Amino acid sequence: MAYPRGKSTKYACGDECVLNVIGSEGRITAIDERSSIFWRSDTFKQKLIAANVTMIIMVVATDLPINYSLITRCLVAAEEQHIKVRILVNKADLGENTSSNNFIEQYTSLGYNPIAVSAITDTQSIREIIKDQRIVLVGQSGVGKSTIVNNIISAAHAKTASISSKLRTGRHTTTHAQLYRLDESTSLIDCPGLQSFGLKHINPQHLANYFIEFRDHLNQCQFANCTHTVEPNCHIIAAVKEQLIRPTRWEEYKTILAEIVG
Ligand SMILES: Nc1nc2c(ncn2[C@@H]2O[C@H](COP(=O)(O)OP(=O)(O)O)[C@@H](O)[C@H]2O)c(=O)[nH]1
Ligand SMILES: [Mg+2]
Ligand SMILES: [Zn+2]
């Protein structure tokens, strides 16, 4: 294993590198071309999260509030890179509740097919989803990403919140992204919990394409350069009024657009 010198921001977990090894030290001399890059970016800072992944698994949990804005943003970043998306609603063993059921209903109607799972009592459905994929697990802290990794890859030993509470050392969870291999064609990247997700790198003119339910309504507005925010005869705004597009998704679209055009 080799680590970049210092606090490098050029490389991402999952990058394939050319190493120049001298004794016990390896130096990265080149990175191979990436098939995908999942990253977030603000005006002053960017963070490469995972490279060369084929699938993003967005994890939420039945016992934590769901951050809809964060989810939308992760999905936009994934869609822009043509990375497949699956959504897991973890901790199903704790029982159902209205907010996670609402979430499942909303995302099912969008076409993302979220499924309820339990990283502790039943990992079979997760195993089926991840087969032959290079995956990054994303979501807020505490949803169970590291627990999923540990219960699928027994040799992983990713730090989870429960280990630390037993040791009473405070919250000791994932601090950096790490790749774990299940077999030759399957790997999982576990990352620290996400809180914010800037999308400065997204082309504002393409943003609407990354909202999958907008796609059927695009290219039908009166103005070819319609931003779908205030224009007359906008097909997206009409779809919101007809309840074909959820108002909350349109609001998030407008918020992100305002951030990235500025
Ligand atoms: N009941 C239940 N608890 C879970 C499940 N998955 C994870 N947890 C617990 O949720 C807490 C956070 O898990 P962790 O894997 O550290 O979350 P991460 O921050 O997303 O990596 C720990 O106390 C886990 O034991 C699950 O499926 N069911
Ligand atoms: Mg973790
Ligand atoms: Zn429009």
**Message:** Residue under question is Q220, and the condition is that it be more than 16 Å from ligand 1 (Cβ to nearest atom), in a loop (DSSP other than H, G, I, E, B), touching a His at 6+ places or on another chain (Cβ under 7 Å) and at pLDDT 95 or above; does it hold?
**Reply:** yes
Here the residues within segment 93-102 that are in contact (Cβ under 8 Å) with a residue 12 or more places away in the chain and surrounded by fewer than 20 Cβ atoms within 10 Å (Cβ to Cβ) are D93, L94, G95, E96, N97, S99
query = Does E105 meet the test of being closer than 30 Å to H206 by Cβ and surrounded by fewer than 21 Cβ atoms within 10 Å (Cβ to Cβ)?
reply = yes
Sole miss for T62 among (1) farther than 30 Å from D15 by Cβ; (2) out of contact with any Gly (no Cβ under 9 Å at 6 or more places or on another chain) is condition (2)
For helices (runs of 4 or more DSSP H) lying entirely in segment 112-185, having 2 or more residues that are at pLDDT 95 or above picks out 124-130, 145-152
Filtering segment 177-202 down to residues that are in contact (Cβ under 8 Å) with a residue 40 or more places away in the chain and exposed (fewer than 13 other Cβ atoms within 10 Å of the Cβ) yields S185, Q195, S196
Practice item. Test R27 against the stated conditions and say whether it is of a type in the set (K, R) and farther than 28 Å from T123 by Cβ. Key: yes
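Conditions tested, residue by residue: (1) surrounded by 20 or more Cβ atoms within 10 Å (Cβ to Cβ); (2) assigned to a loop (DSSP other than H, G, I, E, B); (3) of a type outside the set (A, V, I, L, M, F, W, C).
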site	(1), (2), (3)
K47	no, no, yes
V60	yes, no, no
L64	no, yes, no
R73	yes, no, yes
H82	no, yes, yes
Within segment 52-99, of all residues that are of a type in the set (D, E, K, R) and touching a Ser or Thr at 6+ places or on another chain (Cβ under 8 Å), the one farthest from ligand 3 (Cβ to nearest atom) is D93
Requested in this report: State whether one or more residues within segment 234-244 are surrounded by 12 or more Cβ atoms within 10 Å (Cβ to Cβ), among the acidic types (D, E) and not assigned by TED's automatic domain parsing to the domain that holds T43.
Outcome: no
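The values are calculated or read from the model by the stated rules, or taken from the named source; none is laboratory data. What you see is a predicted model; the values in this text were computed from it and never measured. Cβ coordinates were reconstructed from backbone atoms using ideal geometry, including for glycine residues, and neighbour counts include every protein chain displayed.
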